[in-house]
Amino acid sequence: IRTPHLDRLAASGVRFTDGYVTASVCSPSRAGLITGRYQQRFGHELNLPGAEDPAIPDSLRGLPLTERTIADLLADNGYTTGLIGKWHLGLHDHFHPLRRGFHEFFGMRAGSGPYFPGTNRKVEDGTTPVHPDSLDYLTDELGDRAVDFIARHQDESFFLFLSFTTPHTPMHAREDYMEEEGPRFQTQVRAKYSSMMRSLDENIGKVIEVLDSLGLRENTLVFFANDNGGAMPFNGSLNAPLRGAKGTALEGGNRVPYVMSWPGGIERGRVFEAPVSTLDVLPTFLGAAGIDLPRDREYDGVDLVPYLDGSLDGVPHDTLFWKMQWGAAIRAGDWKLVRTPLDDHWLFNLADDVSETSDVADENPAVVSSLRRSLESWEST
C-alpha cells in the first residue's frame, strides 16, 4: 500500500509505534477521541449508544449532551472550528456537530456511505442536504472542502477535524486508480483497498500542501490516526503482524497508525515507542493552544508534547483499558490481558509477542490476577 504523503507527514514529526484508539469500532472510538475521556464514563460503549436495546429511541443514541467536545473547548477560546466528513456521534438534530462546538460542518451524520458521484444522499452542508449529483468522488470532495476551510480561515486560529470515511466499506474505488492498482494485487478487494488508500493519501497531501503554500505549516499541529483497526476481510485490509481486526480487543482492533507533526513545536523524524491513546488528542491540542483543561470533570488523556520535548520523563500511560459488550482488555507496560466474550482470560507479553500468538496466562498467574483486579476496578468506575 503506497502512502507517500503519509510517509512524509510521519517523517516531519513523530511516529508512535504503540498508538491506540479507545474502541475497536467507529462511534465509541470517536467519542473517546473527541472528549479526551473513556467513553464508558458516559455510556457510549457501542455503535451507537443503546444499539443493544432496540427499545431505546434514536433521540437518545448519541454523544451525551453533558459531554464537552474538543471543538467546544477550542471554540470557547477563540478558535474557528470545522468538521468535514464522518460524524457518527448521533443522528438526531440535538447531536448535530453544529450543536457540539463546530462552527462549520460538511459531511455525514451516519457512519458510512457511498463514494461515487450521484450516489450519496447522506451529505449535508451545515444542516442543508447536498444533492448527490453535485458531489465529486467523496474522498476528493472532503479533501477539497478541507483545503477551502483552511484557505478561508488562514488569518484566524482554526481547528479542523477532517474525518475521512476511507477505507470504510462500501469498497468504491476510482476507476482510474483501479486500472493502475489492479495488476499489483491478486484480488479485486485488495486492489480496491489500495486505490481507496491512494485517494486518502493524496487528499492528505492536498491539506499539507495548502498549509505549506499559505505559510501555516510551521505552527499547525497535524494529527493522523484511524478510528479502529482494519476491518479484515470486509474491506481488504491487512493488520499483520497484529492479531485480530475491527471489533476485537486484540491489537489488530485497537492499535492503529498514529502520527503527530508540528514543525514549530515537535522534533521531526522521531519514533516514540511508549503506549499512547487518542484520549491524548484533546489535552495535546489544548496544551498547544495554551488552554487549560476544565476542572469540572476528569480527563483520561494527557498532553503528549512534554514527553516529546524532554520536559517530562517516564511514559504518558502506565495502563490503558478497553471494554465493549463482547470483551475487554488492559495493557500495563508490555503485559496485555484480554477478557474474551466467553470470560476466558488470555495474557500476552507484547515485547516478545506483538502478534499475541502465545497465551502465557498459566505461567504467570500473579500477573493475571493483578491485571484482572486493575481491569475490574476500572470497570467499577
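Add -39500 (n - 2.57) for each DSSP H run of 4 or more in the chain, then divide by its residues: what number comes out at 222 nm, to the nearest 500 deg cm²/dmol?
Values: 10 runs with 103 residues, N = 381.
It comes out at -8000 deg cm²/dmol, rounded to the nearest 500.
Once amide H atoms are built 1.01 Å from N in the peptide plane, which residues 5 or more positions from Gly85, or in another chain, come under 5 Å H to H?
When sequence neighbours closer than 5 places are left aside, the close amide H contacts are Phe106, Gly107, Met108, Ser163.
Each residue of the stretch 191-208 in turn: what ³J(HN,Hα) in whole Hz from Karplus with 6.51, -1.76, 1.60 and θ = phi - 60°, glycine and Pro shown as x?
Computed from phi, the couplings for the stretch 191-208 are 5, 5, 4, 4, 5, 5, 5, 5, 4, 4, 4, 5, 6, 5, x, 4, 5, 5 Hz.
Which whole-number percentage describes the relative contact order of the chain, with Cα contacts under 8 Å and a sequence gap of 6 or more?
Working: 759 pairs, mean separation 80.2, N = 381.
Taking the mean separation of contacting Cα pairs over the length of the chain, I get 21 percent.
Once each part is reduced to its C-alpha centroid, what is the distance from the stretch 174-251 to the stretch 348-370 in angstrom?
Each part reduced to its Cα centre gives a spacing of 31 Å.
Taking only pairs that are 8 or more places apart or on different chains, how many Lys pairs in the chain have Cα atoms under 29 angstrom apart?
Lysine pairs meeting the criterion: 14.
So for the pair Gln325, Asp296, with labels modelled 7 Å out along Cα→Cβ, what separation do we get in nm?
Label-label distance for Gln325 and Asp296, simple model: 3.1 nm.
Just subtract the alpha-carbon distance of Asp176 and Ala240 from 0.36 nm times their residue separation and send over the number in nm, one decimal. Could you put the intermediate results ahead of the total?
Working: separation 64, 0.36 × 64 = 23.04 nm, distance 2.80 nm.
Net length gain for the segment: 20.2 nm.
When the accessible area of the stretch 277-322 is split by element with a 1.4 Å probe, what percent falls to carbon and sulfur?
Numbers: 870 of 2080 Å².
For the stretch 277-322, the apolar C and S fraction of the accessible surface comes to 42 percent.
Given the Cα-Cα distance of Arg2 and Glu156 and 0.36 nm per residue of separation, how much length would full extension add, in nm?
Roughly 52.0 nm would be gained on extension.
With the other protein chains left in place, how much accessible area per residue, in square angstrom, belongs to the chain at a 1.4 angstrom probe?
Details: 16460 Å² over 381 residues.
On a per-residue basis, 43 Å².
Quickly rank 254-265, 306-317 as a protection proxy: mean count of other C-beta atoms within 10 Å, highest first.
Working: 254-265: 20.5, 306-317: 14.2.
Highest mean packing first, the order is 254-265, 306-317.
Report the gain in length on full extension from Arg270 to Asn77: 0.36 nm times residue separation, minus Cα-Cα distance, nm rounded to one decimal. Write out the running numbers ahead of the final one.
On the way: separation 193, 0.36 × 193 = 69.48 nm, distance 3.06 nm.
Contour length minus Cα-Cα distance gives 66.4 nm.
Under the Karplus relation 6.51 cos²θ - 1.76 cosθ + 1.60, θ = phi - 60°, what is the ordered set of whole-Hz ³J(HN,Hα) values for the stretch 121-136, x standing for Gly and Pro?
Result, ordered by residue: 9, 9, 7, 10, 10, x, 10, 9, x, 9, 5, x, 5, 8, 8, 7 Hz.
What are the residues whose amide H is under 5 Å from the amide H of Phe158, where those residues sit 5 or more places off or on another chain and H is modelled from the backbone?
Those qualifying (amide H under 5 Å, at least 5 residues apart or on another chain) are Thr80.
Sort out for me the Cα centre separation of the stretch 318-344 from the stretch 141-164, rounded to whole Å.
If we compute the Cα centre of each part, the gap is 37 Å.
Could you go through the stretch 274-291 in sequence order and give the Karplus-derived ³J(HN,Hα) for each residue, using 6.51 cos²θ - 1.76 cosθ + 1.60 with θ = phi - 60°, rounded to whole Hz, and x for Gly and Pro?
Values per residue, Gly and Pro as x: 7, x, 9, 9, 5, 4, 7, 5, 4, x, 5, 5, 5, x, 5, 8, x, 10 Hz.
The values are calculated or read from the model by the stated rules, or taken from the named source; none is laboratory data. Computed from a predicted model, the values in this text were never measured in an experiment. All Cβ positions, even for glycine, are placed from backbone atoms using ideal geometry, and neighbour counts span all protein chains on display. When the accessible area is computed, the model is the full protein with side chains, heavy atoms only, and any ligands, DNA or RNA have been set aside. Shrake-Rupley method; radii C 1.70, N 1.55, O 1.52, S 1.80 Å.
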